[in-house]
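Here the structure is laid out as structure tokens; the discussion comes afterwards.
The values are calculated or read from the model by the stated rules, or taken from the named source; none is laboratory data. All figures in this text were calculated on a predicted structure; none of them were measured in a lab. Note that we place each Cβ from the backbone using ideal geometry, even for glycine, and neighbour counts take in every protein chain shown. We work out accessible area using only protein heavy atoms, side chains counted, and drop any ligands, DNA or RNA first. Shrake-Rupley method; radii C 1.70, N 1.55, O 1.52, S 1.80 Å.
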Amino acid sequence: SDGVGRSTQTQLLRRWLEDEGFAVSDTGLKRSEMTQQGLEAAQKGHTLSRITMSLFYATDFADRLENQIIPALQAGFIVLSDRYSYSIMARDIVRGADPDWARKLYGFALKPDLVLYLKAEVSDLISRLIHGRGLSYWESGMDIHPSTDLYESFVDYQSDLINVFNHFAKEFGFKSIDAGRPVMEVFSDLQNHIRDLLEDQQPIIDEML
């Protein structure tokens with residue numbers, strides 16, 4: 001969800017993994033050189049249709065997958081993605097896209113080794129954002145909710161998103177993390193899940209070497 005602390009945790013995980021001796025690459029939405037400026041301009045204008053915006057984000061993801069994620073994996077890097085295809089699918093579905101269409105649109109995505117779902121109550125998200133960067137038009141779903149009240153729209157939109165995320169968590173086997181706790185407690189849980197993954201993969205790595 002928006003405001004759940006993904007960026008902070010991604011930075012902490014990257015520093016930790018690099019200190020442990022791993023090569024790390026991180027990526028996230030709107031970081032494709034091909035689409036970044038166009039997406040930012042489209043969000044400011046609020047003029048593109050929902051389907052067009054969905055395809056724009058899919059292009060951003062596809063370009064990053066081909067030119068950032070896959071090359072980094074092939075070079076032996078651990079790739080941390082601040083949001084992945086599941087997040088974009090959820091946003092499309094909440095905005096009215098057919099769920100089957102959204103899944104097929106991202107059918108080319110690699111299956112991640114681990115999906116960590118930072119889960120928090122909407123009230124926690126509101127508290128963090130109000131005392132931080134504030135509520136935004138897109139994070140509040142103002143493009144799909146007729147309410148002129150930013151707060152009410154945020155609650156409705158983020159609640160709808162969380163419902164889809166919860167469904168995806170069961171369908172795709174996400175590891176759910178209680179993100180309503182202090183930052184370092186959440187970080188510790190994330191570390192434990194990643195350690196388990198790396199330990200499981202170590203025999204394969206040794207054998208390949």
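Numbers at a glance
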| read-out | value |
| --- | --- |
| Computed E for Leu114/Ser136 - FRET, C-beta separation, R0 30 angstrom, nearest 0.05 | 0.55 |
| Helix-only mean residue ellipticity at 222 nm for the chain, each DSSP H run of n ≥ 4 adding -39500 (n - 2.57), per residue, nearest 500 | -18000 deg cm²/dmol |
| By accessible area with a 1.4 Å probe, ligands and nucleic acids excluded, highest first: order of Lys44, Lys119 | Lys44, Lys119 |
| Heavy-atom accessible area ranking, 1.4 Å probe, most first, across His46, His145 | His46, His145 |
| Heavy atoms of Phe165 accessible to a 1.4 Å probe, total area in Å² rounded to 10 | 20 Å² |
| Under 14 Å, Cβ to Cβ, from Met142 - net charge with Lys/Arg +1 and Asp/Glu -1 | -3 |
| Added length on full extension, which subtracts the Cα-Cα distance from 0.36 nm per residue, Ser7 to Ser188 | 63.6 nm |
| Accessible area (Å², 1.4 Å probe, nearest 10) - Ile69 | 10 Å² |
| Extension reserve of the Asn166-Gln74 stretch, reckoned as 0.36 nm per residue once the Cα distance is removed | 30.0 nm |
| Model label zone, Trp101; criterion: amide N under 17 Å from point 7 Å along Cα-to-beta-carbon; scope the range 30-57 | 48-57 |
| Label zone at Arg83 (point 7 Å along Cα-to-Cβ), backbone N below 19 Å, the range 1-35 | 1-12, 26-35 |
